[in-house]
Amino acid sequence: MNAAVKLTKIGNSTGVVLPREVLARLRVSQGDTLYLTEAPDGFRVTAFDPDFEKKMALAEQIMRDDRDILRVLAQ
């Protein structure tokens, strides 16, 4: 899906109005947070926090590696 968007003045800032179809594909609505990350071919807009995903992957690795220790601590 390709969509052209226009920059719009919002108070002293500049905003982008996303088409309804884009919001539906991102599964977001007004008030949700989107994350803008730089990519080799430009920028990427996502509905998930890439830093949070990295932290969760690290937590899963720790839980896998230290399963026995965590089991003892849970008792």
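The values are calculated or read from the model by the stated rules, or taken from the named source; none is laboratory data. Not measured: the values here are computed from a predicted model. No Cβ is skipped: glycine too gets one built from the backbone with ideal geometry, and neighbour counts run over all protein chains shown.
Give the residue, chosen from ALA3, ALA47, that is touching a residue at least 12 places away in the same chain (Cβ under 8 Å), among the small types (Gly, Ala, Ser) and in contact with a Pro (Cβ under 7 Å, 6 or more places away or on another chain).
ALA3
Could you list, in sequence order, the residues of the range 1-37 that are exposed (fewer than 11 other Cβ atoms within 10 Å of the Cβ) and basic (Lys, Arg)?
LYS6, LYS9, ARG20, ARG27
As an exercise: evaluate ARG64 against (1) in a helix (DSSP H, G or I); (2) of a type outside the set (Asp, Glu); (3) surrounded by 10 or more Cβ atoms within 10 Å (Cβ to Cβ) and give the number of the one condition it does not meet.
So ARG64 meets the others, but not (3).
Quick one: what pairs do we get from the range 16-40, first residue at negative phi, second surrounded by 10 or more Cβ atoms within 10 Å (Cβ to Cβ) and assigned to a helix (DSSP H, G or I), C-beta under 6 Å, 6+ apart or different chains?
Sorted first by the residue in the range 16-40, then by its partner, the pairs are THR37/PRO50.
So that you can scan it fast, the table gives a plain yes or no per residue for (1) part of a loop (DSSP other than H, G, I, E, B); (2) aliphatic (A, V, I, L, M); (3) at pLDDT 85 or above:
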site	(1), (2), (3)
VAL5	yes, yes, yes
GLU21	no, no, yes
ALA24	no, yes, yes
GLN30	yes, no, yes
